[in-house]
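J.: First the structure, which I've put down as structure tokens, then a few questions once you've had a look.
The values are calculated or read from the model by the stated rules, or taken from the named source; none is laboratory data. Since this is a predicted model, take the numbers as computed values, not measurements. Glycine gets a Cβ as well: all are built from the backbone with ideal geometry, and neighbour counts include every protein chain shown.
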Ligand SMILES: [Cu+2]
């Protein structure tokens, strides 16, 4: 009897583990000339993001424009980078450092946009301002 119960427990735990792994999705962003496609993506907590066709590009989170408790990320140049599972909810602005002057950046929204007011509070200008506009549009 005890064996039966622990077996069921083991099966339940295994299924929970599998469903977590299966449900965590990988999202692909493609670098195209000096932009990221799609520029703004919405993902679930625990998903990952990968960048493709990154020759000559980087992806690096922008200081002050990610959730307070989140770790940012920084790729090497030309690296088809994949984030670890993004477990802190909120909005992450990122840039391609070599092409930020040309406005090459993007946004990952993990779960709910909990830090939107905080990002607005930084009064972004230029490319960051355009990213904010696209973020708000995506949230409508
Ligand atoms: Cu670039």
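J.: Given (1) away from the ligand (no atom under 16 Å from the Cβ); (2) free of Cβ contacts under 8 Å to residues at least 40 places away in the same chain, where does residue 53 come up short, assuming only one miss?
T.: (1)
J.: Tell me which strands (runs of 3 or more DSSP E) are completely within segment 19-91 and hold 1 or more residues being farther than 20 Å from residue 101 by Cα, or say none if there are none.
T.: In segment 19-91, 26-32, 40-43, 48-52 are the strands (runs of 3 or more DSSP E) which contain 1 or more residues that are farther than 20 Å from residue 101 by Cα.
J.: Let me ask another. Please count how many residues of segment 1-32 are modelled with pLDDT of 60 or more and surrounded by 10 or more Cβ atoms within 10 Å (Cβ to Cβ).
T.: The qualifying residues number 11.
J.: Quick one: count up the residues across segment 65-91 that are closer than 21 Å to residue 104 by Cβ and in contact with a strand residue (DSSP E or B) (Cβ under 9 Å, 6 or more places away or on another chain).
T.: 13
J.: Taking segment 78-113 only, how many residues are more than 16 Å from the ligand (Cβ to nearest atom), surrounded by fewer than 19 Cβ atoms within 10 Å (Cβ to Cβ) and within 18 Å of residue 134 (Cβ to Cβ)?
T.: Residues that pass the stated criteria total 1.
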